[in-house]
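Here is the structure we will look at, set down as structure tokens.
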Protein chains: 2
Amino acid sequence: MNETMKAAIFVKPGEMAVREVPKAHLERDTDALVRVVRACVCGSDLWYFRGLSPHPENSQIGHESIGVVEQVGDAVTTVAPGDFVVLPFPYSCGKCPVCEAGFESVCPHGGYFGASQAEYVRVPEADGTCVKVPGSPEDYDDGTLASLLTIADVMSTGYHAAVSAEVRPGDTAVVMGDGAVGLCGVLSARMLGAKRIIAMSRHEDRAALAREFGATDVVAERDQAAVDKVLSMTGGYGADAVLECVGSKQSFDTAVGLARRGAVIGRVGLPHDVEISAEGTFYGNIGIKGGPAPVRHYDLQSGLLDAVVNHEIDPGRVFTGVYDLDHIQEAYEAMDRREVIKSLIRF
Amino acid sequence: MNETMKAAIFVKPGEMAVREVPKAHLERDTDALVRVVRACVCGSDLWYFRGLSPHPENSQIGHESIGVVEQVGDAVTTVAPGDFVVLPFPYSCGKCPVCEAGFESVCPHGGYFGASQAEYVRVPEADGTCVKVPGSPEDYDDGTLASLLTIADVMSTGYHAAVSAEVRPGDTAVVMGDGAVGLCGVLSARMLGAKRIIAMSRHEDRAALAREFGATDVVAERDQAAVDKVLSMTGGYGADAVLECVGSKQSFDTAVGLARRGAVIGRVGLPHDVEISAEGTFYGNIGIKGGPAPVRHYDLQSGLLDAVVNHEIDPGRVFTGVYDLDHIQEAYEAMDRREVIKSLIRF
């Protein structure tokens, strides 16, 4: 095959490019090939762009996309060419005990996409991975397509934070992190019935969107000042549920400090050098749950796909910058400089 | 008041005594005074006896008891002299947000008993603490009294491990620790519907009781060998739920190793120098929940009291040694030498 496609290339920290590369193609009979309609830049991609986490130079990147199935392997039975699909950032077999327990994101037979900022993407384990969307991309407006893209990662990840934190109707929930995931966490806490939602934010654009997504309060303080503020807002008892959408030690320690005894911290921020003191959490009965979000489970079993298609939620509003693939450098830079909350790539 | 009572005294590591001390008495109008009918020695008391954790010398000790209310303060409304009560090892106000959330054991207005191996015990926050038992001690046989005593701590703690580990019907559950709490954890996993219960034990008497309590398998291996064994028993996927009833770093690391991705470790063993790697648990979506058991919640809201009174469970079988207070040294020594699983003190 000598066909090529355009793809975003991580050249080195701080430098992205667009190059012609060999076109993605079926490699196994369980694969599908998808033509990408929308992709985006993730906060975790910025770790590479900023040189804080290692990434191979001159290689493809990206793990969030929606698109149309172009071709499927012989063993694929549930999707066919022409189907419109959301591709969760993890791929999964869909049938092992881990998947059956609702944790497709950590399926031992699966893995993570890593080349989705491109015209085509190979989907391993297509039957256990693809989330079929009714109709075709042409049936949806830009806003709905953007929201569909969020249920490939950030909206499902925010939802995982809320589910892991065991948000219940009437709860006071605190959301740590005002990136796209944190904002989706606010929306998710509202969906699960939280009565009071305290968003931690010190950026006016993000705080404004948090309020539109359901935040009742915005706290700009950090560290002990944030803990003191939340304790004073909760009669000294702390929050019933904490959504930890950052992943730093600073954020985690703050989460522990402002959690009500017996609360669970739902953590979805990729941890960076975080050690959890067993003693520090044990004597307050503080739980810790979370990890990579089981996107497919939430999209299909918890109704996120339906909620987007039926316009009950509009998480796509986290995309405040829209680019074409040729402007991938600008898409990264705008997020890096916090000029946009999240960058969408149109194809 | 010049009245005295007999009480167990922790003289120093390795040495217990019985002495006449000032009789416990009401100090606040929310207190009750209880005449102890049964008390016992806890695995955590052995940490002091062995000199591994500090405890004031020549002081009273003990936190598990059942008895009859002798006197109540003016503000107490829910118990009266003559009532037969279980005294959960934590006392609690019973009405703050932490108690209302079902975490009485970590009520910020509460604390822990520390002088229950005695003829009388003062009960702070009596209304929020006492678990009333129908009838009087004379209405129950020794076996049932022993079981009632377990719902002051070990049975409720084993139950907390199972609830925290989110044991569901059909699950494969692993119980780490074959002390009284671990054995009660086996019984609790069975109550919550676990289909397969793997007890970690290398002591024949404990393994035998574990089997009677519902264990389907007993694993004697430790560390990586235990992990390998459980993985081989579960098709390589690990256990759906892990009850960590030890508290050591070794046990916790083993628990992480044998947990199915997405599983929750219910931890109730007092942690000793355990640091939890956030990375090590995040990428497997491994949850950690637990802490001091909300005894009163489980006794009253989850039906442990009814289950004992109705003879549906017999957790009192963990008491394989029975002593009177004058033989408190023997009661501790027998547990220390693992000659008995748990020592009961009759009054």
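Across the accessible surface of chain A, with the other protein chains kept in place and a 1.4 Å probe, carbon and sulfur atoms take up 47 percent.
Position B:Gly170: other-copy label points at 3.1 nm, ordered by increasing distance, label point 7 Å along Cα→C-beta. Close amide H contacts of A:Val219 (hydrogens built in the peptide plane, cut-off under 5 Å, sequence separation of 5 or more or a different chain): A:Ala199, A:Met200, A:Ser201.
Which net charge results for the neighbourhood of B:Ala80, defined as the other residues with beta-carbon distances under 13 angstrom from its beta-carbon, given Lys and Arg at +1 and Asp and Glu at -1?
Details: positive: B:Lys132; negative: B:Glu70, B:Asp74, B:Asp83, B:Asp127.
That works out to -3.
Each other copy places its own label point for B:Gly51 at 5.6 nm from this one, sorted shortest first, where the point lies 7 Å along the Cα-to-beta carbon line.
What translational D, rounded to a whole number of µm²/s, comes out for chain B from Stokes-Einstein when the hydrodynamic radius is the Kirkwood one over Cα pairs, at 37 °C and 0.692 mPa s? Provide the component values of the computation, followed by the final result.
Numbers: Rh = 20.3 Å.
Using the Kirkwood radius from Cα pairs, D works out to 162 µm²/s.
Per-residue shielding of A:283-295, expressed as the average number of other chain Cβ atoms within 10 Å of the residue Cβ, stands at 6. Every helix of 4 or more DSSP H residues in chain A counts as -39500 (n - 2.57), and over all residues that averages to -8000 deg cm²/dmol at 222 nm. Other residues lying with their Cβ under 12 Å from the Cβ of A:Gly284 contribute a combined charge of +2, Lys and Arg counting +1, Asp and Glu -1. Averaged over the residues of peptide B:240-247, the number of Cβ atoms from other protein chains lying within 10 Å of each residue's Cβ is 1. The other copies place their A:Gln301 label points at 2.5 nm from this one, listed shortest first, where each point is 7 Å from Cα along Cα→Cβ.
The trypsin sites (Lys or Arg not before Pro) of the range A:1-76 that DSSP puts in a loop, and whose beta carbon has at most 14 other beta carbons within 10 Å, are A:Arg28, A:Arg50. The H on the amide N of B:His55, modeled in the peptide plane, is under 5 Å from the matching H of no residue at least 5 residues off or on a different chain. Counting every pair of alpha carbons in the range B:158-290, the share spaced more than 17 Å apart comes to 49 percent. When each of the peptides B:204-216, A:292-304 is scored by the mean number of other C-beta atoms lying within 10 Å of its residues, the order from highest to lowest reads A:292-304, B:204-216. The trypsin sites (Lys or Arg not before Pro) of the range A:74-181 that DSSP puts in a loop, and whose beta carbon has at most 14 other beta carbons within 10 Å, are A:Lys95. Annotation for the B:A interface, with buried accessible surface near 3500 Å², both sides summed [1.4 Å probe; non-protein components not counted].
Do any of A:Lys289/B:Lys132; B:Lys229/B:Lys249; B:Lys229/B:Lys289; B:Lys6/B:Lys342; A:Lys195/B:Lys249 go past 29 Å between their Cα atoms, and which?
Details: A:Lys289/B:Lys132 35 Å; B:Lys229/B:Lys249 19 Å; B:Lys229/B:Lys289 24 Å; B:Lys6/B:Lys342 22 Å; A:Lys195/B:Lys249 39 Å.
From A:Lys289/B:Lys132; B:Lys229/B:Lys249; B:Lys229/B:Lys289; B:Lys6/B:Lys342; A:Lys195/B:Lys249, over 29 Å: A:Lys289/B:Lys132; A:Lys195/B:Lys249.
Considering only the other residues whose Cβ falls under 10 Å of the Cβ of B:Cys42, what net charge follows from Lys and Arg at +1 and Asp and Glu at -1? Could you put the intermediate results ahead of the total?
Numbers: positive: B:Lys342; negative: B:Asp45, B:Glu64, B:Asp153.
Spelling it out: positives minus negatives among the neighbours equals -2.
Against the criterion of solvent-accessible heavy-atom surface with a 1.4 angstrom probe, B:Phe113, B:Phe282 sort, most first, into B:Phe113, B:Phe282.
Taking a 1.4 Å probe, which of A:His55, A:His311 shows the most accessible area, and what order do the others take after it? Walk me through the intermediate numbers first.
Details: A:His55 40, A:His311 125 Å².
My answer, sorted largest first, is A:His311, A:His55.
3J(HN,Hα) couplings calculated from phi for the range A:15-32 with the Karplus curve 6.51 cos²θ - 1.76 cosθ + 1.60 (θ = phi - 60°) are, in sequence order, 10, 10, 8, 10, 9, 7, 10, x, 5, 4, 8, 5, 10, 10, 6, 9, 7, 10 Hz; Gly and Pro show x. Put simply, the amide H of B:Ile286, placed in the peptide plane, has neighbours under 5 Å in B:Gly262, leaving out anything fewer than 5 places away on its chain. Karplus-based coupling profile of the range A:126-135, in residue order and whole Hz: 4, 5, x, 10, 5, 10, 6, 9, x, x, with θ = phi - 60° in 6.51 cos²θ - 1.76 cosθ + 1.60 and x standing for Gly or Pro. Hydrodynamic analysis of the protein assembly as shown uses the Kirkwood radius over alpha carbon pairs. Inserted into Stokes-Einstein at 37 °C and 0.692 mPa s, it gives a translational diffusion coefficient of 121 µm²/s.
Solvent-accessible surface (1.4 Å probe) assigned to B:Trp47 amounts to roughly 90 Å².
The values are calculated or read from the model by the stated rules, or taken from the named source; none is laboratory data. Not measured: the values here are computed from a predicted model. Positions of Cβ are backbone-derived with ideal geometry, glycine not excepted, and every protein chain shown enters the neighbour counts. Side chains included, ligands, DNA and RNA excluded: accessible areas come from the protein's heavy atoms. Shrake-Rupley method; radii C 1.70, N 1.55, O 1.52, S 1.80 Å.
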